[in-house]
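The structure under discussion appears below in the form of structure tokens.
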Amino acid sequence: MGGLSGVRILITLILSLFLSTWSIDAWAGLPPPADPAYGGGGTTGPGGGAGGVYEGVCEGSGVCDPPRGAGGDARLGGVAVASNDPNLTFSASQISRLGGVGLNSVPINLWVNGGVVSVDYDRPGAQYDGYRSLVMFGADVKILNDLTLGIAGSYEDVDLDTSFNWGGNDKSGLGVNPYAFLTLNKLIKLGLTGGYSFFSNDYKSRASANGAPVVGGADSERWHVAPSVILNQAISKLQLFSQLSYLYASESVDSYTNSASRFIPSDDYYFGQIRLRVRAS
């Protein structure tokens, strides 16, 4: 019996990883501009960053799933990259979340979720490659069995080698992300997630392969909000899931002066995206 349960768990993990990776490829967004540091739909910009946090809350906590007990179910989470640029390719790996406290008498769900995305962008004149990692941990509580309130902390880290200018971009920061989900009935659930993150950014470039490096750094902050409507329908043993959401994110980058005494003014970036996810299990 134990062997059969182990096989079922292994099959579930393999299928979850496959479906999560497929979903990442299917999401649509805006292609990043020549500056890969803040592409609207790129890996490190407000679209990719906020999208990853939003999906991390949904997948990590399990609040988007069908009605569950206090402990939830253990499953794999996701890391979002929003881009439909044909020059951008990536692969992803995830770690499974921990399945809450698992006690019916304690209505608190504790979870952790994370993943790594490897990115390769090959548009001439803007080539770069690297990775983006996201780790999240959170807790939520059910109120009157209909309303779930929670909060999650996040840590993001981005490391890109920008071969087009013989340099690189490094970005890391922390975030606070509250969320709420209201169950209207067995079929419909409404959700609202948001968050604030602050980052430290380091830039490096060269005029030629053997040139002296020009370095600089700036702080940035990002806000995002995402309302959603979730439909869950069980047909015999088939579970159908769909989620329609709108993600809005903005990021402000401080001005700075690089080591070549060049002043780089502050800038603001905005991103909006309608998302539709469909899953059957």
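The values are calculated or read from the model by the stated rules, or taken from the named source; none is laboratory data. As the structure is a prediction and not an experimental result, all values here were calculated from the model. Glycine gets a Cβ as well: all are built from the backbone with ideal geometry, and neighbour counts include every protein chain shown. Calculation scope for accessible area: heavy atoms of the full protein, side chains included, ligands and nucleic acids excluded. Shrake-Rupley method; radii C 1.70, N 1.55, O 1.52, S 1.80 Å.
Report, ordered by the first and then the second residue, all pairs with beta carbons closer than 6 Å, sequence separation of six or more or different chains, a first member in segment 240-258 that is without any contact (Cβ under 8 Å) to a residue 60 or more places away in the chain, and a second member that is open to solvent by 80 Å² or more (accessible area, probe 1.4 Å).
240/233; 242/278; 244/276; 246/274; 254/219; 255/265; 257/263
Do we have any residue at all in segment 215-232 that's more than 21 Å from residue 180 (Cβ to Cβ), at pLDDT below 90 and open to solvent by 50 Å² or more (accessible area, probe 1.4 Å)? Break it down into steps so the answer makes sense when it comes.
If we filter segment 215-232 for residues that are more than 21 Å from residue 180 (Cβ to Cβ), which is where we start, we get 215-221.
Retained after the next criterion (residues that are at pLDDT below 90): none.
The answer is no, given that none of the residues of segment 215-232 is more than 21 Å from residue 180 (Cβ to Cβ), at pLDDT below 90 and open to solvent by 50 Å² or more (accessible area, probe 1.4 Å).
Collect the residues in segment 230-270 that are in a strand (DSSP E or B) and aliphatic (A, V, I, L, M), keeping them in residue-number order.
Taking segment 230-270 first, the residues in a strand (DSSP E or B) are 230-235, 238-253, 256-257, 263-264, 267-270.
The answer is 230, 231, 234, 235, 238, 240, 244, 247, 249, 253, 264.
Which condition number does residue 237 fail, the rest of (1) open to solvent by 80 Å² or more (accessible area, probe 1.4 Å); (2) under 15 Å from the mean Cα position of the chain (by Cα); (3) modelled with pLDDT under 95; (4) not aromatic (Phe, Trp, Tyr) being met?
Unmet for residue 237, out of (1) open to solvent by 80 Å² or more (accessible area, probe 1.4 Å); (2) under 15 Å from the mean Cα position of the chain (by Cα); (3) modelled with pLDDT under 95; (4) not aromatic (Phe, Trp, Tyr): (2).
All but one of (1) buried (at least 17 other Cβ atoms within 10 Å of the Cβ); (2) under 25 Å from residue 132 (Cα atoms) hold for residue 178; which doesn't?
Every condition holds for residue 178 apart from (1).
In segment 132-150, which residues are part of a strand (DSSP E or B) and surrounded by fewer than 16 Cβ atoms within 10 Å (Cβ to Cβ)? Don't jump to the end; show me each part of the working.
Looking only at segment 132-150, we keep the residues that are part of a strand (DSSP E or B), and these are 132-143, 147-150.
The answer is 141, 143, 147, 149.
Being touching a residue at least 40 places away in the same chain (Cβ under 8 Å), closer than 23 Å to residue 247 by Cα and outside any strand (DSSP E or B) is the filter here, so list the residues in segment 166-220 that pass it.
Across segment 166-220, the qualifying residue is only 187.
With respect to residue 106, determine if the residue is β-branched (Val, Ile, Thr), at pLDDT below 85, buried (at least 17 other Cβ atoms within 10 Å of the Cβ) and part of a loop (DSSP other than H, G, I, E, B). Show your work before the answer.
Numbers: β-branched (Val, Ile, Thr): yes; at pLDDT below 85: yes; buried (at least 17 other Cβ atoms within 10 Å of the Cβ): no; part of a loop (DSSP other than H, G, I, E, B): yes.
Here the answer is no, as residue 106 does not meet what is asked.
Within segment 117-149, can you find the residues that are of a type in the set (Asp, Glu) and touching a helix residue (DSSP H, G or I) at 6+ places or on another chain (Cβ under 6 Å)? Talk me through it step by step, then tell me what you get.
Step one: list which residues in segment 117-149 are of a type in the set (Asp, Glu), which gives 120, 122, 129, 140, 146.
Across segment 117-149, the qualifying residue is only 140.
Specify the residue that is farthest from residue 230 (Cα to Cα); the eligible residues are those in segment 191-218 that are under 20 Å from the mean Cα position of the chain (by Cα) and not polar (S, T, N, Q). Step through it out loud before you land on a result.
The initial filter retains those residues of segment 191-218 that are under 20 Å from the mean Cα position of the chain (by Cα), namely 191-201.
Within this subset, residues satisfying the condition of being not polar (S, T, N, Q) are 191-192, 194-196, 198-199.
Numbers: 191: 8, 192: 11, 194: 17, 195: 20, 196: 24, 198: 29, 199: 31 Å.
This residue is 199.
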